[in-house]
Amino acid sequence: GAVVSQHPSRVICKSGTSVKIECRSLDFQATTMFWYRQFPKKSLMLMATSNEGSKATYEQGVEKDKFLINHASLTLSTLTVTSAHPEDSSFYICSTRDPYEQYFGPGTRLTVT
Amino acid sequence: KQEVTQIPAALSVPEGENLVLNCSFTDSAIYNLQWFRQDPGKGLTSLLLIQSSQREQTSGRLNASLDKSSGRSTLYIAASQPGDSATYLCAVEEDDKLIFGTGTRLQVFP
């Protein structure tokens, strides 16, 4: 299956700053990538679907101006959390898919102080 | 709106027991169903994927079944081991999106 990496694995930032998380598809050209968020002891919630070369599609309730997604190439999608607040602290996971299944990155733990 | 529920939410068993984890979904019009494993603070590892036309899949000590008409899937773990301790998530795919269940936290003690 496809190999997906995320960077950084862990980040701590101060309230009001912006943080960028990278998601790379290492051996597969991904026209579509997905961004999920997971609160402690909760399941994953899809935030947005990122499409290479076009705008991302956000799920209902997700602020597109706060969570900026860029999918500039077939191997890289980025999620930028702008003006982060403590309630944005969460575990963010990206995934890619081939025609049959999704492959997930290892996740990024964001802590906003 | 599709809703995915997993029962039980948590399970603690002694080593060697056979286990059944349950997953139910409200809309049977799914493309496939996947079972994942998540270790604390880690990403997801795909365990088994069942296409909508299939009824079960097996991998080693794991067996997953799918009954689309009743909106249910089960994950059977044979001869559980402490290394099986993790959170198990099921997810259904519809409209090119995965919708996750709430997970079952499994602890297998020696």
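The values are calculated or read from the model by the stated rules, or taken from the named source; none is laboratory data. Note that this is a predicted model, so its numbers are computed, not measured. Using ideal geometry, Cβ is built from the backbone for each residue, glycine included, and neighbour counts are taken over all protein chains shown. For accessibility, only protein heavy atoms count, side chains too; no ligands or nucleic acids. Shrake-Rupley method; radii C 1.70, N 1.55, O 1.52, S 1.80 Å.
Per-residue shielding of B:40-49, expressed as the average number of other chain Cβ atoms within 10 Å of the residue Cβ, stands at 5.
Taking B:THR45, B:THR87, B:THR74 as the candidate residues, the one with maximal mean-square fluctuation in a Gaussian network model of chain B, Cα springs under 10 Å, is B:THR45. Within chain A, which is the longest segment containing none of the trypsin sites (Lys or Arg not before Pro) that sit in a DSSP loop and have at most 11 other Cβ atoms within 10 Å? Free of exposed loop sites, the longest segment is A:42-113.
Summed over the residues of chain A and divided among them, the accessible surface reaches 50 Å² per residue at a probe radius of 1.4 Å. What pairs from A:LYS20/A:LYS55; A:LYS20/A:LYS41; A:LYS14/A:LYS42; B:LYS1/B:LYS97; B:LYS1/B:LYS42 go past 19 Å between their alpha carbons? Listed pairs above 19 Å: A:LYS20/A:LYS41; A:LYS14/A:LYS42; B:LYS1/B:LYS42.
Cysteines in the protein assembly as shown lacking any other cysteine Cβ under 4.7 Å from their own Cβ: A:CYS13. Here segment B:57-101 and segment B:18-53 have alpha carbon centers that stand 4 Å from each other. For peptide A:94-103, the mean count of partner chain Cβ atoms within 10 Å of a residue's Cβ comes to 3.
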